[in-house]
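Asks: One structure coming up, written as structure tokens, with questions to follow.
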Amino acid sequence: MSKGFASQGDLAEKQETFSELAPGVYALTAEGDPNSGIVVGDDSVLVIDARATPRMAGDLVARVREVTDKPIRHILLTHYHAVRVLGVAGYPDRVNVIASDVARAMIVERGQQDMDSEIQRFPRLFRGREEIPGLTWPTLTFHGEMTLWLGSREVRIVHAGRGHTAGDTIAWLPKEKVLFSGDLVEYGATPYCGDAHFQDWPATLDRLEALGAAALVPGRGEALTTPERIREGLEGTRAFLRDLYAIAREGVAAGHDLKAVYARAMGEMRPTYGHWVIFEHCMPFDVSRAYDEAKGIDTPRIWTAARDIEMWRALEG
């Protein structure tokens with residue numbers, strides 16, 4: 001392979017930022033690594049996205065303990081990807097693990113393959129992976145929308161629509177106007193679209209924008225705390241999806257093969273988006289999925305460790 005596979009060569013540790021967005025509402029970000037959220041209620045804590053391994057979850061628990069001694073009672077999984085969910089075993093308290101019914105179905109369908117695939121792609125994010133006991137399973141699922149009351153604090157948990165995956169979930173605090181978008185929104189980071197629904201994603205972003213958030217925590221990138229930054233995050237994600245899918249759709253219509261579409265996408269998109277985090281990692285997966293969807297394949301094909309390498313060799317070899 002002409003360049004290193006995915007993010008196997010990304011070994012540099014990132015500087016974490018732990019910021020308070022509203023009283024008792026926090027974001028943990030790390031220079032483009034996956035973000036997590038913390039919501040402190042009257043007598044317990046909600047964590048949004050568990051991190052990739054029990055050991056890495058322990059680092060997040062330490063952040064919780066910097067601000068409260070209340071027990072962590074709930075963990076929300078914004079979607080099924082391993083980097084978000086496999087750390088659940090690292091939480092010391094007995095927790096309720098919340099996910100949309102669609103996200104749970106995706107764990108049933110493709111959770112093990114995704115786990116093996118993601119660990120191969122990005123070993124740094126799976127520090128202590130030997131401690132992972134297996135797949136993470138939700139203990140509480142919902143259809144459409146639910147409300148979690150942390151005492152007097154309201155958290156609306158919404159299956160927002162197909163986008164980054166079919167099961168994407170957001171957490172919305174209506175009083176504080178803080179939105180945790182999961183990977184539906186990225187900021188300064190390349191959207192991963194390997195399991196995406198390009199045609200549905202923009203409408204899902206419209207629903208997020210209509211909430212009128214005062215602060216938005218994207219899946220990757222810094223927390224967005226001004227109207228200008230929030231707009232930039234939403235519009236940047238929209239533009240990336242629009243530009244890539246247009247290239248894929250035109251390529252399929254012209255009868256071009258995947259490698260030709262990939263070459264065009266890299267040539268046209270690198271000047272605008274190439275400085276975003278994990279651009280080189282994501283683009284082979286993103287173009288592959290965009291090409292499939294443009295050909296009429298609605299349900300994303302399952303990525304396996306073997307398929308990852310085969311695809312990478314075909315496009316980068």
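The values are calculated or read from the model by the stated rules, or taken from the named source; none is laboratory data. Quantities reported herein were computed from a predicted structural model and do not represent experimental measurements. Using ideal geometry, Cβ is built from the backbone for each residue, glycine included, and neighbour counts are taken over all protein chains shown. We work out accessible area using only protein heavy atoms, side chains counted, and drop any ligands, DNA or RNA first. Shrake-Rupley method; radii C 1.70, N 1.55, O 1.52, S 1.80 Å.
Asks: Multiply the residue gap between A260 and D101 by 0.36 nm, knock off their C-alpha separation, and tell me the result in nm, one decimal place.
Replies: Numbers: separation 159, 0.36 × 159 = 57.24 nm, distance 3.75 nm.
The span from A260 to D101 would gain 53.5 nm if fully extended.
Asks: About the Cα centre, and with charges only on the beta carbon of Lys, Arg (+1) and Asp, Glu (-1), how big is the dipole of segment 254-317? Nearest 20 debye, please.
Replies: Values: 8 positive and 10 negative charges, 17 e Å.
In debye, rounded to 20, segment 254-317 gives about 80.
Asks: Still on this structure, I have one more. Arranged from highest to lowest average of other beta-carbon atoms within 10 Å per residue, in what order do the peptides 94-101, 270-277 appear? Kindly include the intermediate steps, with their values, before the conclusion.
Replies: Working: 94-101: 19.9, 270-277: 14.2.
So the peptides 94-101, 270-277, ranked by packing, come out 94-101, 270-277.
Asks: Measure nothing but the geometry: give the 0 to 90° angle between the long axis through the Cα atoms of 54-67 and the longest principal axis through the Cα atoms of the chain, rounded to 10°.
Replies: Orientation of helix 54-67: about 40 degrees from the principal axis.
Asks: Using only the alpha-carbon atoms, how far is helix 101-121 inclined from the longest principal axis of the chain? Give it as 0 to 90 degrees, nearest 10.
Replies: For helix 101-121, the angle is close to 70 degrees.
Asks: Related question: Compare H74, H143, H256 by solvent-accessible area with a 1.4 Å probe and give them largest first, with all protein chains kept in place.
Replies: Numbers: H74 30, H143 150, H256 95 Å².
Listed by decreasing accessible area, they come as H143, H256, H74.
Asks: Using a Förster distance of 35 Å, how high is the FRET efficiency between W149 and E16, based on the Cβ-Cβ distance and rounded to 0.05? Display every interim value, and only then the final one.
Replies: Working: r = 29 Å, r/R0 = 0.84.
With a Förster radius of 35 Å, E is 0.75.
Asks: If each DSSP helix of 4+ residues adds -39,500 (n - 2.57) and the sum is divided by the residues in the chain, what number results at 222 nm, nearest 500 deg cm²/dmol? All intermediate terms of the calculation are to be shown ahead of the outcome.
Replies: Working: 8 runs with 119 residues, N = 317.
Counting only the DSSP helices, I get -12500 deg cm²/dmol.
Asks: I'd like the distance separating the alpha-carbon centroids of segment 115-138 and segment 267-281, in whole Å.
Replies: 26
Asks: Rounding to the nearest 20 debye, state how big the charge dipole of segment 6-225 is about its Cα centre with +1 on each Lys and Arg Cβ and -1 on each Asp and Glu Cβ. Could you put the intermediate results ahead of the total?
Replies: On the way: 22 positive and 31 negative charges, 63 e Å.
Dipole of segment 6-225, to the nearest 20 debye: 300 debye.
Asks: Per residue, what volume in Å³ does the convex hull of the Cα atoms of segment 110-183 enclose? Mind showing how you got there, number by number?
Replies: Details: hull volume 10.7 nm³, N = 74.
Value for segment 110-183: 145 Å³ per residue.
Asks: In degrees from 0 to 90, rounded to the nearest 10, what is the angle of the helix 258-273 Cα long axis to the longest principal axis of the chain?
Replies: So the inclination is approximately 60 degrees.
Asks: Now for a different question. Along the charge dipole of the chain, pointing to its positive end and built from +1/-1 on Cβ of Lys, Arg, Asp and Glu, which listed residue (H74, T304, V39) has its Cα farthest out?
Replies: About the Cα centre, the residue reaching furthest to the positive side is T304.
Asks: Here's something else I'd like to know. From the backbone phi of segment 307-317, what are the Karplus-calculated ³J(HN,Hα) couplings (6.51 cos²θ - 1.76 cosθ + 1.60, θ = phi - 60°) in whole Hz, Gly and Pro given as x?
Replies: Result, rounded to whole Hz: 5, 3, 5, 4, 4, 4, 5, 5, 9, 10, x.
Asks: Moving on to the next point. Quick check on the chain: of the DSSP beta bridges with both residues there, what percent are antiparallel, nearest 5%? Before the final figure, lay out the partial values.
Replies: Values: 29 of 44 bridges.
Taking every DSSP beta bridge with both residues in the chain, the antiparallel ones total about 65 percent.
Asks: Taking only protein heavy atoms into account and a 1.4 Å probe, give the accessible area per residue of segment 46-152 in Å².
Replies: On the way: 4270 Å² over 107 residues.
With all protein chains present, segment 46-152 gives 40 Å² per residue.
Asks: Which whole-number value in Å² is the accessible area per residue of segment 162-209, probe 1.4 Å?
Replies: Values: 1190 Å² over 48 residues.
Roughly 25 Å² per residue, with all protein chains present.
Asks: Moving on. Using Cα centres only, tell me the gap between segment 219-249 and segment 21-39 in whole Å.
Replies: Spelled out, the Cα-based centre of one part sits 19 Å from the other.
Asks: Quick one: work out the % antiparallel among DSSP beta bridges in segment 141-296, nearest 5. Please report the intermediate quantities before stating the final value.
Replies: On the way: 14 of 19 bridges.
Taking every DSSP beta bridge within segment 141-296, about 75 percent pair in antiparallel fashion.
Asks: Another one. Carbon and sulfur atoms: what percent of the 1.4 Å accessible area of segment 121-279 do they account for?
Replies: 52
Asks: Would you mind giving the average projected area, over all directions, of the Cα convex hull of the chain in nm² with one decimal? Walk me through the numbers on the way to the answer.
Replies: On the way: hull surface 58.6 nm².
For the chain, the mean projected area of the Cα convex hull comes to 14.6 nm².
Asks: A further question on this structure: For segment 169-310, what does the alpha-carbon gyration tensor say about shape, rounded, prolate or oblate, given a ≥ b ≥ c as the root eigenvalues, a/c under 1.5 as rounded, and a/b over b/c as prolate? Mind showing how you got there, number by number?
Replies: Working: a/c = 2.05, a/b = 1.89, b/c = 1.08.
In terms of gyration-tensor shape, prolate.
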